[in-house]
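Presented below is the structure to which this report refers.
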There are 2 protein chains.
Amino acid sequence: MNIIVQKFGGTSVGSIERIRNCANLVKREVDAGNQVVVAVSAMSGETNRLLGLADEIDPASSPRERDMLASTGEQVSIALLVMALHKIGIDAISLTGPQAGIVTDGAYMKAHILEIDNTRVLKHLSQGKVVAVAGFQGLAKNSDEVTTLGRGASDTTAVALAASLSATRCDIYTDVDGVYAADPRIVPNAKKINRLSYEEMLEMASVGAKVLHTRSVQFAAKFSVPLQVRSSFEDIPGTFITKENEAMETTVVSAIVQNANEAKVTLSGIKDQPGTAAQIFGLLSERNINVDMIVQNVGTEGLADLSFTIDKSDVPRIKEIEERLKSIVNANELQIDKNIAKISAVGVGMKSHAGVASRMFRRLAERSINIRMISTSEIKISCVVDDEYTELAVRTLCDEFGLTEASEE
Amino acid sequence: MNIIVQKFGGTSVGSIERIRNCANLVKREVDAGNQVVVAVSAMSGETNRLLGLADEIDPASSPRERDMLASTGEQVSIALLVMALHKIGIDAISLTGPQAGIVTDGAYMKAHILEIDNTRVLKHLSQGKVVAVAGFQGLAKNSDEVTTLGRGASDTTAVALAASLSATRCDIYTDVDGVYAADPRIVPNAKKINRLSYEEMLEMASVGAKVLHTRSVQFAAKFSVPLQVRSSFEDIPGTFITKENEAMETTVVSAIVQNANEAKVTLSGIKDQPGTAAQIFGLLSERNINVDMIVQNVGTEGLADLSFTIDKSDVPRIKEIEERLKSIVNANELQIDKNIAKISAVGVGMKSHAGVASRMFRRLAERSINIRMISTSEIKISCVVDDEYTELAVRTLCDEFGLTEASEE
């Protein structure tokens, strides 16, 4: 018998009506003769409500207690989903992450799954039950402590369960019917992508697409778990995410992704000395400030400019250490520019097609869009532009790479 | 070092502000040099909210899943309370019922505590931590299943912990400052009771006083745990509930309790034959209908009337089996009277003072209050009267037995 893992996010279980809908989606797989394991998120808004209560007491409250608090959200969802399943005649049982044998490294609020002891899940499956597992949580190894996997990590629970159970497929149900080649709010006729490689999905997630939790895709890639991103509301095929293979569409670029959540920091007038960059980024990492893109230009007089992008939410923390950053490199000035957007083109086709970068730069230039920073990987090109050009840049590139329904490449 | 167990009910932790107040009440005991264990209920309204969601799906949903759902309420409270304790500099840790070693018989929604493995609680106490334990829940013996102890059972968690830890005292914090000799809504100047025996408190709970969960008092009596019912909002001594001893006040009657939640069922014109009562009450027990008072009168012609009281919420279930009840005893008629109230006088003093019942009956008669049914125990007399006389009856008896502040017996 095939095992299917289904994952329902917060929106999909956001009300009793929607939970009933999920129960029907589970029933569809059961009726098709599959064994079904479901990973469920907290009802939408619930995790925020709970952590909001915690913040009211102390925004810096103990990670252990925040996990004790937040892990209740998923427990509520699994119980309600199982009740809805019973109501339509499906035998089912709910398991918390610890009950489902999900063992983590014990890092509160950001635990990683170390292993899954799936004995109990398999027992219930063999009894003919659907097993609903609380996402986002697990038991710290060799202890009796509840840990959460970090926001959005119910995807990871689903994929880890699928890997552990050698599931035929892991279906990630969401409020969209798949992954699109561009944000439909910007490009209403963006193509839906039928098939993506793990690599592309990872790059898309890393440059700002919010479809799947990055870690879940890494996990799926590592264990070759076939993923499908599909709609909770429409019964149509979604986007399949699998190993790169010949059946992949041969488009050069699969998607254009914009990210407006970064700010650009520039230190200018730096005496270019070996080791200065290391000191800068060492300090940033000490302060838990993640850096994305980095560009360094050396001018004619030996004075360099160093630019990097950070999450906008880290801007206050940069301001706290502004003087230290400047003194490390003897910089004249530190500038922070929040009005930027990162536009990325992602596609495995780039591996075999030359000239994608130049097509991208030329098209943006034709529209008078200045490129402030560039960063590339084997299957991705990212450009930082002024944020007022976001929509124009995305539409221009979708057009160039044939990513809208009406257009043909 | 003395161990004090504190219990905070739903109202006491009903908001962040109130949780902060509870943290201060914990700090008071810590500052006094005590080791403190706290049992906490769900925030007021939370259990109803959760079970309301379940009812929306299916009022008859699986008890196991209802427990999975409802047990989250207390988990939220303990985490928030511990955050509030940390914030005021008190070292503390939260434990779910299972983590605290509370082992139950596994009966979902109405589990009984079988034993407490207090190893972990003692370990944390010895580390100088306050331990906040989720009330109302425990792990089913030899399993990994969460069970709840039934509504209001956080009192029982507190008392069981106190017994297991040989605590010096178990303080039940609530929104009133103690147990009163009568409902203050009816008798505004009712005396606060300084000291009660377990026996009296049990009788009061059994006749309808809602101060403490009955099972918690039984537990306290069994293990001689000194209880105090006291206010979360005012720092004044509450009501101490202990073994009956010479220090008890020598009042004849300690309290007058009214209960308007019962209905009276009368089967009339019964041929009085041995065994009919057994058949009637066998059928009721089969249907899970609890019977409180029972009175049977045999008339002159050998025809009897059988009356009993049940919870008002069971009236629809009585109506379902009305014809069967009548046919069992060949009764002419089955009458249900919901307009009744049970007025009880409770006091250990009755053991040594004769004539309490006759004083009670006479005073009610003087006020033209008809007594419909009577039931007595060693330390309690209950009378059923028409419910319109409730307030008058309670005030009359408070007056008779000196239970108001202004009066003297």
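The values are calculated or read from the model by the stated rules, or taken from the named source; none is laboratory data. This structure is a prediction, so every number in the text was calculated from the model and none was measured. Every residue, glycine as well, gets a Cβ built from its backbone with ideal geometry; the counts of neighbours run over all protein chains shown. Keep in mind that these areas ignore ligands, DNA and RNA; they rest on the heavy atoms of the full protein, side chains included. Shrake-Rupley method; radii C 1.70, N 1.55, O 1.52, S 1.80 Å.
Tabulated values for the structure
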| item | result |
| --- | --- |
| Distance-filtered residues of segment A:89-124 - backbone nitrogen under 13 Å, label point 7 angstrom along A:Asn142 Cα→Cβ | A:105-106 |
| Normalised alpha carbon radius of gyration of segment B:309-374 [divisor 2.2 N^0.38 Å] | 1.57 |
| Axis-nearest residue of B (beta carbon) for the B-onto-A rotation, whole Å | B:Thr72, 2 |
| A/B buried area, accessible surface, summed, 1.4 Å probe, Å² | 3300 Å² |
| Overall dimensions of segment B:96-245 as given by Cα atoms, namely Rg and Dmax in Å | 16.0, 51 |
| Nonlocal amide H pairs with A:Asn189, under 5 Å, H built at 1.01 Å | none |
| Residue among A:Ala331, A:Ala260, A:Ala357 with the largest mean-square fluctuation in a Gaussian network model of chain A, springs linking Cα atoms under 10 Å | A:Ala331 |
| Rounded if a/c under 1.5, otherwise prolate or oblate - segment A:1-52, Cα gyration tensor axes | oblate |
| Antiparallel content of DSSP bridges confined to chain B, in %, to 5 | 60 percent |
| Percent of C-alpha pairs per 10 Å bin, segment A:369-409, short to long | 26, 48, 26, 0 |
| Placed amide H near B:Leu95: partners under 5 Å, 5+ positions off or other chain | B:Ala132, B:Val133, B:Ala134 |
| Viscosity 1.306 mPa s, 10 °C: Kirkwood-radius Stokes-Einstein D of chain A over Cα pairs, µm²/s | 69 µm²/s |
| DSSP beta bridge pairing in the protein assembly as shown, given as percent antiparallel to the nearest 5 | 60 percent |
| Gain upon complete extension [B:Lys222, B:Ile294; 0.36 nm per residue less C-alpha separation] | 23.1 nm |
| For segment A:1-158, convex hull volume per residue from C-alpha positions, Å³ | 93 Å³ |
| Carbon/sulfur fraction of accessible area - segment B:130-207, other protein chains in place, 1.4 Å, % | 49 percent |
| Lys/Arg +1, Asp/Glu -1 at C-beta; segment B:141-223 dipole; positive extreme among B:Val187, B:Thr168, B:Phe223 | B:Val187 |
| Reciprocal of mean inverse Cα separation for segment A:157-288 (Kirkwood radius, Å) | 17.0 Å |
| Whole-number accessible area per residue in Å² for the protein assembly as shown, which is evaluated in the context of all protein chains at 1.4 Å | 41 Å² |
| For segment A:9-147, with +1 on Lys and Arg beta carbons and -1 on Asp and Glu, the positive-most of A:Thr96, A:Ile57, A:Ser143 along the dipole | A:Thr96 |
| Surrounding net charge for B:Ile379, when Lys and Arg each add one and Asp and Glu each subtract one, Cβ distance under 11 Å | -3 |
| Segment B:72-121 - Kirkwood radius from inverse mean 1/r over Cα pairs (Å) | 12.2 Å |
| Segment A:187-214 and segment B:1-40: distance between their alpha carbon centers, rounded to Å | 50 Å |
| Label 7 Å beyond Cα on the Cβ vector: B:Ile336 copy-to-copy distances, nm | 6.9 |
| Using a 7 Å Cα-to-Cβ projection, A:Phe281 label spacings across copies, nm, ascending | 8.3 |
| For A:Gly402, label point 7 Å along C-beta direction: distances to other copies, nm | 10.2 |
| Restricting segment A:172-273 to trypsin sites (Lys or Arg not before Pro) in coil, as DSSP defines it, with at most 16 other Cβ within 10 Å | A:Arg185, A:Lys210, A:Lys243 |
| Average Cα contact separation per residue, chain A, under 8 Å, 6 or more apart, as relative contact order % | 14 percent |
| Viscosity 0.890 mPa s, temperature 25 °C, Stokes-Einstein D of the protein assembly as shown from Kirkwood C-alpha radius, µm²/s | 79 µm²/s |
| Gain in span if fully extended, B:Glu115 to B:Lys271, counting 0.36 nm per residue against the direct Cα distance | 51.3 nm |
| For segment B:269-409: relative contact order, % (alpha-carbon pairs under 8 angstrom, 6 or more apart) | 21 percent |
| In order through segment B:123-138: 3J(HN,Hα) via Karplus (6.51 cos²θ - 1.76 cosθ + 1.60), integer Hz, x for Gly, Pro | 4, 5, 4, 5, 7, x, 9, 7, 10, 9, 10, 5, x, 6, 8, x |
| Estimated inter-spin distance, B:Arg151 and B:Asn245, nm [label 7 Å along Cα→Cβ] | 3.6 nm |
| Diffusion constant of segment A:212-334 at 10 °C, which comes from Stokes-Einstein with the Kirkwood Cα-pair radius and 1.306 mPa s, µm²/s | 88 µm²/s |
